[in-house]
1. Identify the residue in the range 153-166 that is over 15 Å from W108 (Cβ atoms) and surrounded by 13 or more Cβ atoms within 10 Å (Cβ to Cβ) and, among all such residues, is farthest from the chain's Cα centre (by Cα).
2. What tally of residues in the range 133-142 results from selecting those that are surrounded by 17 or more Cβ atoms within 10 Å (Cβ to Cβ) and outside any loop (DSSP other than H, G, I, E, B)?
3. A16 - would you say it is among the aliphatic types (A, V, I, L, M), within 28 Å of W124 (Cβ to Cβ) and modelled with pLDDT of 95 or more?
4. Could you tell me whether any residue of the range 48-56 is of a type in the set (D, E) and either under 25 Å from E207 (Cβ atoms) or without any contact (Cβ under 8 Å) to a residue 12 or more places away in the chain (or both)?
5. Any idea which of G70, G80 is surrounded by 22 or more Cβ atoms within 10 Å (Cβ to Cβ), assigned by TED's automatic domain parsing to the domain that holds I189 and not charged (D, E, K, R)?
6. Closer than 26 Å to R201 by Cβ and surrounded by 24 or more Cβ atoms within 10 Å (Cβ to Cβ) - does that describe any residue in the range 27-42?
7. What do you reckon, is L192 in contact (Cβ under 8 Å) with a residue 12 or more places away in the chain, touching a Ser or Thr at 6+ places or on another chain (Cβ under 9 Å), within 24 Å of C23 (Cα to Cα) and in a loop (DSSP other than H, G, I, E, B)?
Amino acid sequence: MNVLAFDTSGESCSVALYTSQQCIEKISLEPRKQAERLLPMVDALLTDAGITRSDLNGLALTHGPGAFTGVRVAISAAQGLAYALDIPVVTVSTLAALAQGAYRKFEWRHVVAAMDARMGEVYWGCYQLNDNNLMQTMDEDKVSSAKQVILPDDLNLYWHGAGSGWANYADELPLIKSHHVLNVEAFDIITLALPAFAAGRVLTAAEIKPVYLRDNVVR
């Protein structure tokens with residue numbers, strides 16, 4: 001199965017391709033240029049892999065939360081590609097992908113994923129590793145002030161933080177073992193999406209929806 005994954009919800013644009021032979025990725029760290037970068041990066045990645053868009057069997061992406069414009073860029077691109085190629089789609093939480101990346105890089109098994117939501121707030125969620133080495137949410141993703149972030153059972157010593165929220169609100173977020181400011185990488189979207197493809201938990205182009213977590217959004 002050839003699966004293309006991408007994320008444009010934050011400061012970066014990340015694209016990854018999974019095939020039976022390899023998994024490769026491209027990342028652009030140019031804030032607010034995701035709309036310009038995404039499709040050219042997709043085509044460059046496919047060229048590097050020696051395949052075309054028509055060889056793709058599925059798409060995976062983050063549906064949010066994140067910057068309104070960034071989330072819309074990914075959703076619109078996925079809808080266009082899925083309609084044109086008639087292929088299924090899996091969407092995952094941006095925060096889940098952040099947590100999965102923290103496990104891949106640091107082997108953290110309990111992660112508070114927090115993204116700067118502007119307006120003095122953070123998007124956040126508490127994730128722990130399951131038996132399949134996938135990060136699983138312990139509750140719904142939320143948006144709130146940093147001071148309102150609460151850890152499950154107050155087990156602070158077991159928790160690590162990941163995401164841009166820790167860059168701007170570390171003094172207000174809960175005291176935990178450690179934290180790192182990470183961007184979402186499409187590698188981790190693929191890791192989360194492959195089991196969903198295998199189980200048939202997929203969407204059509206028309207069913208792809210953004211998840212903003214609040215009505216008043218910041219672009």
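1. Among them, the one singled out is G165.
2. So the count comes out to 2.
3. yes
4. yes
5. G70
6. No, that holds for no residue.
7. Against the criterion (in contact (Cβ under 8 Å) with a residue 12 or more places away in the chain, touching a Ser or Thr at 6+ places or on another chain (Cβ under 9 Å), within 24 Å of C23 (Cα to Cα) and in a loop (DSSP other than H, G, I, E, B)), L192 does not qualify.
One line per residue, one yes/no per condition, for (1) touching a strand residue (DSSP E or B) at 6+ places or on another chain (Cβ under 7 Å); (2) charged (D, E, K, R); (3) under 20 Å from V181 (Cα atoms):
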residue: G58; (1), (2), (3): yes, no, no
residue: G64; (1), (2), (3): no, no, yes
residue: S76; (1), (2), (3): no, no, no
residue: P88; (1), (2), (3): yes, no, no
residue: T94; (1), (2), (3): yes, no, yes
residue: A114; (1), (2), (3): yes, no, yes
residue: T137; (1), (2), (3): yes, no, yes
residue: S145; (1), (2), (3): yes, no, yes
residue: V149; (1), (2), (3): yes, no, yes
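The values are calculated or read from the model by the stated rules, or taken from the named source; none is laboratory data. Values in this document were obtained by computation on a predicted structure and should not be read as measured data. Cβ: placed from backbone, ideal geometry, glycine included. Neighbour counts: every protein chain shown.
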